[in-house]
Amino acid sequence: MLAGSAKALFTGLIDYAGLFPPAALSMEAAVRSYDVYRRGEHAWMLGRFIVPVAKIAEVPPEFPISFVAPGVEVVECGSSLPPWIAQACLREGDGGGEPPQSKAAASRRTPHVYVEGADIDTLAARGLRAKIRTGGVTPDAFPDTGSVARFIRSCAEKGVPFKATAGLHHPIRCVKPLTYEPDAPTGTMHGFVNVFMAAALLPHAEAILMEADARAFEFGDDAASWRGHSVRTEDLARVRNEFAISFGSCSFEEPVADLKELGWL
């Protein structure tokens with residue numbers, strides 16, 4: 001049976017980025033996969049569908065691509081936004097389940113902009129959100145744990161919600177191939193459980209990010225813990241809803257399979 005704290009941690013956690021490397025699927029294949037996932041057993045874990053701005057025109061017209069449609073996220077570099085965020089504008093909205101054409105839904109949408117690589121003080125002052133790149137397809141694309149911890153802590157201190165992108169395919173810190181090619185280089189990858197539990201237990205962030213033993217984490221109905229340091233389920237849910245929002249992954253099946261193997265799903 002799924003523990004309450006695991007449900008709080010994993011709900012809506014994985015934004016689907018199948019269009020991006022290393023999967024780099026076609027639009028047709030990515031849309032088809034997302035449709036399967038959002039109708040499947042683990043749809044409650046699925047976040048938004050991430051579309052690079054250059055491919056927006058390729059999205060099928062019947063696919064719910066509006067900002068107010070549930071389950072969709074679009075990279076939108078609009079001319080109304082300052083030039084310094086031109087490469088990393090992620091806008092999303094809450095449509096309350098209403099169809100994209102609904103005027104009521106449109107009036108309630110609340111856009112958020114996530115910016116990668118910007119000063120956190122500047123984001124806080126402008127009411128923007130932060131995005132951290134946690135990996136890539138080469139070993140040098142992965143930031144060290146100290147950098148990730150400093151980013152999360154800075155966001156918390158300034159009240160800036162964040163998302164993560166790239167490299168978080170697996171729950172726990174591990175050494176894995178960085179692409180799906182037979183001769184792919186290997187590297188140490190951050191775990192998404194590490195990252196989001198670090199956000200929930202900030203005083204221990206650096207140590208949690210370094211943790212490579214899944215047995216150090218425990219999930220119960222009332223709380224989740226790392227090596228005896230716990231966060232209540234309701235507090236973990238609040239952290240997820242208000243601060244540590246989600247991460248983008250080109251695979252939805254891989255993280256789900258790993259969580260099943262660990263017995264957390």
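The values are calculated or read from the model by the stated rules, or taken from the named source; none is laboratory data. Here the structure is a predicted model, which means the values were calculated and not measured. Methodologically, a virtual Cβ is constructed for each residue, glycine included, from the backbone with ideal geometry; neighbour enumeration extends over all protein chains shown. Quick note on the areas: whole protein, heavy atoms, side chains included, nothing else; ligands and nucleic acids left out. Shrake-Rupley method; radii C 1.70, N 1.55, O 1.52, S 1.80 Å.
Values computed for the structure shown
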quantity	calculated
Count of the stretch 164-195 residues which are in a helix (DSSP H, G or I) and over 20 Å from Ile50 (Cα atoms)	3
Members of the stretch 10-34 found to be in a helix (DSSP H, G or I), under 26 Å from Gly263 (Cα atoms) and open to solvent by 20 Å² or more (accessible area, probe 1.4 Å), listed by number	Ser33
Set Arg240, Arg150: member being free of Cβ contacts under 8 Å to residues at least 60 places away in the same chain, surrounded by fewer than 21 Cβ atoms within 10 Å (Cβ to Cβ) and not small (Gly, Ala, Ser)	Arg150
Criterion violated by Ala207 - all others in (1) part of a helix (DSSP H, G or I); (2) of a type in the set (A, V, I, L, M, F, W, C); (3) surrounded by fewer than 22 Cβ atoms within 10 Å (Cβ to Cβ); (4) in contact with a Lys or Arg (Cβ under 7 Å, 6 or more places away or on another chain) satisfied	(4)
Search result, residues across the stretch 216-236 that are open to solvent by 30 Å² or more (accessible area, probe 1.4 Å) and either within 21 Å of Thr11 (Cα to Cα) or of a type in the set (A, V, I, L, M) (or both)	Glu218, Phe219, Asp221, Asp222, Ala223, Ser230, Arg232, Glu234, Asp235
Scan of the stretch 13-63 for residues that are more than 25 Å from Gly135 (Cα to Cα), touching an Asp or Glu at 6+ places or on another chain (Cβ under 9 Å) and modelled with pLDDT of 90 or more, ordered by number	Glu28
Thr179, sole failed condition from (1) farther than 25 Å from Leu262 by Cβ; (2) polar (S, T, N, Q); (3) at pLDDT below 95	(1)
Filtered residues of the stretch 243-265 (kept if open to solvent by 20 Å² or more (accessible area, probe 1.4 Å), closer than 14 Å to Thr11 by Cβ and in contact with a helix residue (DSSP H, G or I) (Cβ under 6 Å, 6 or more places away or on another chain))	Trp264, Leu265
